[in-house]
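What follows draws every value from the coordinates through simple rules; no lab data is involved. Since the structure is predicted, the reported quantities are computational estimates derived from the model, not experimental observations. Every residue, glycine among them, receives a Cβ derived from its backbone with ideal geometry; neighbour counts consider all protein chains shown.
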Amino acid sequence: MVRSRLAAMVSERRAIERALHDGVQQDLIAVSVRLQLVRRLIETNLEEAIATLGEIDHEVRKALTDLQTLANEIYPSLLDAQGLPDALRAASSAAGVRAKVEAEGLGRHPAEVEAALYFFCRAALECVAAGADADAVATVRVTEDANTLQLAVAHDGSGLEAVDPTGLKRGWIEALGGVLSVESEAGLATRLIVTVPVG
């Protein structure tokens, strides 16, 4: 169990390294090369140099956007700043699926608990988005009592019924003493449920 969790963590870190190397790093190298071009153009063709600077500005803005996206993949700042409900709403928007988030009156919890539930939910919503109709709506419900925090993602279309729970940050959930379960019946919504002790 511990070995599989470590393997998952290594895989995630490798994915981050690839995203940095193949994305942001390459964008910044391209900007550096183009800046060298501008230095030469300033002496020979000022109009083209100015146009190239405009293009570089666009490339830098894209790199900044990609870097912010990557930072949110690692840990979303919104989760720290505003808590789980707002972070989950943002996650549903980023996943490309309409989702109704029900998390009224939810208190704050340790960062590792909120992060585990956030990343679980985001992975589930991405599964919904990959297999859902354009007009599909998922429901995300977070409830708590004195001892547990529970998050359920439900969707009555395709996208969740064939999900492999091991791909949904299961190691994170189990490390917190939590349980991940799948409820599915023919003709009814499929629900992925995480319950984590917090008492």
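Using the 10 angstrom Cβ neighbour count as an exposure proxy, how do ASP86, ASP57 rank, fewest first? Don't jump to the answer; show the numbers that get you there.
Working: ASP86 15, ASP57 11.
Fewest-to-most Cβ neighbours within 10 Å comes out as ASP57, ASP86.
Between the amide H of VAL198 and those of THR148, LEU149, distances stay under 5 Å, these residues lying 5 or more places away or on another chain, with hydrogens modeled in the peptide plane. Among ASP27, ASP80, sorting on how many other beta-carbon atoms sit within 10 Å of each Cβ, with the fewest leading, yields ASP80, ASP27. Residues VAL38, VAL101, VAL194, arranged from fewest to most other Cβ atoms within 10 angstrom of their Cβ, appear as VAL38, VAL101, VAL194.
Taking amide hydrogens as placed 1.01 Å from N in the peptide plane, the amide H of GLU102 sits under 5 Å from those of VAL140, ARG141, VAL142, each at least 5 positions away in sequence or on another chain.
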